[in-house]
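Step one of this worksheet: look at the structure below.
The values are calculated or read from the model by the stated rules, or taken from the named source; none is laboratory data. Bear in mind that the values here come from a model prediction, so they are computed numbers and not experimental data. Counting neighbours? That spans all protein chains shown, and the Cβs are built from the backbone with ideal geometry, glycine included.
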Amino acid sequence: MQIRPFTAGDADSVSAVHRRAFGGRTDESRIVQRLHDADKAVVSLVAVENDRIVGHVLFSPTSVENRGENLKLAGLAPVGVLPENQNEGVGSLLIQYGLPECRDAGIDAVVVLGDPGYYSRFGFERASEYGLGNEYGADEGFMVKPLTEGALDDADGIVTYQPEFQQDEE
Ligand SMILES: CC(C)(COP(=O)(O)OP(=O)(O)OC[C@H]1O[C@@H](n2cnc3c(N)ncnc32)[C@H](O)[C@@H]1OP(=O)(O)O)[C@@H](O)C(=O)NCCC(=O)NCCS
């Protein structure tokens, strides 16, 4: 298994990974395509096995109301692994590689909306404990992981994802 940065030539395979990972739904693959097209990925990694892309993760910048530029956050979304390769550690590897790359890119903390049973293993905690809310009204499922010491000491506000997450279906 190799984890490496996404390149433009991976676009079709990555779209297929998300379509299949999410049961045929195209929302996630379109979000990924829009974020790449807009050059908004902070970190975008593929997992390759036997020359085949079997997983992909993307981190994009998020903003916090009232905090302006002070706090640099990224959202982990989406992460997808081909159904036949799930539960083999691929998603975990992508996330474990991605988090330090976000830190190296100057990100203070990463947020994620998902299953706490999965993301808590990477150190994500309930974001509301840090004063952070989200535009989707999620509570337990909205989590954050600080990447630098004291990154969230003064955090407060609603985290907003890139508009590419909200565009209407075509
Ligand atoms: C979620 C996903 C990325 C995890 O990747 P993976 O390579 O299958 O997971 P790993 O092998 O790293 O970890 C396996 C663990 O994740 C758990 N897991 C797998 N999918 C899960 C899901 N959708 N929700 C919660 N837990 C999940 C497994 O039960 C297993 O738990 P265990 O270690 O306690 O037995 C992958 O299963 C996937 O693509 N699912 C469909 C798309 C999706 O739901 N993406 C996440 C939302 S953005």
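When Gly98, Gly114 are checked against the criterion of being under 30 Å from Val48 (Cβ atoms), in contact (Cβ under 8 Å) with a residue 24 or more places away in the chain and buried (at least 21 other Cβ atoms within 10 Å of the Cβ), a single residue qualifies: Gly98.
Residues that are in contact with a helix residue (DSSP H, G or I) (Cβ under 6 Å, 6 or more places away or on another chain) and over 19 Å from Val111 (Cβ atoms) do not occur anywhere in the stretch 5-12.
Restricting attention to the stretch 59-82, does a residue exist that is over 23 Å from Gly133 (Cβ atoms) and aromatic (Phe, Trp, Tyr)? Within the stretch 59-82, not a single residue is over 23 Å from Gly133 (Cβ atoms) and aromatic (Phe, Trp, Tyr). If the condition is being surrounded by 19 or more Cβ atoms within 10 Å (Cβ to Cβ), in a strand (DSSP E or B) and hydrophobic (A, V, I, L, M, F, W, C), then the stretch 40-52 contributes Val43, Leu45, Val46, Ala47. Within the option set Gly131, Gly141, Gly98, Gly75, being within 14 Å of the ligand (Cβ to nearest atom) and over 13 Å from the mean Cα position of the chain (by Cα) holds for one residue only, Gly141.
Of all the numbered requirements in (1) within 17 Å of Val112 (Cβ to Cβ); (2) without any contact (Cβ under 8 Å) to a residue 60 or more places away in the chain; (3) more than 12 Å from the ligand (Cβ to nearest atom); (4) hydrophobic (A, V, I, L, M, F, W, C), Ala8 misses one, and that requirement is (1). Looking at the stretch 106-113, is at least one residue among the acidic types (Asp, Glu), within 19 Å of Ala8 (Cβ to Cβ) and assigned to a loop (DSSP other than H, G, I, E, B)? Checked against the condition, which is being among the acidic types (Asp, Glu), within 19 Å of Ala8 (Cβ to Cβ) and assigned to a loop (DSSP other than H, G, I, E, B), the stretch 106-113 yields no hits at all. Out of the residues in the stretch 81-95 that are without any contact (Cβ under 8 Å) to a residue 60 or more places away in the chain and buried (at least 18 other Cβ atoms within 10 Å of the Cβ), state the one that is nearest to the ligand (Cβ to nearest atom). Among residues in the stretch 81-95 that are without any contact (Cβ under 8 Å) to a residue 60 or more places away in the chain and buried (at least 18 other Cβ atoms within 10 Å of the Cβ), the one nearest to the ligand (Cβ to nearest atom) is Gly91. Residues in the stretch 27-72 that are within 12 Å of the ligand (Cβ to nearest atom) and either in contact with a Ser or Thr (Cβ under 6 Å, 6 or more places away or on another chain) or at pLDDT below 95 (or both): Ser29, Leu58. In the stretch 14-33, the residue that is farthest from Val81 (Cα to Cα) out of those that are assigned to a helix (DSSP H, G or I) and free of Cβ contacts under 8 Å to residues at least 60 places away in the same chain is Gln33. Entry remark, the stretch 125-149: residues being touching a residue at least 40 places away in the same chain (Cβ under 8 Å), buried (at least 18 other Cβ atoms within 10 Å of the Cβ) and not in a strand (DSSP E or B) number 1 in total.
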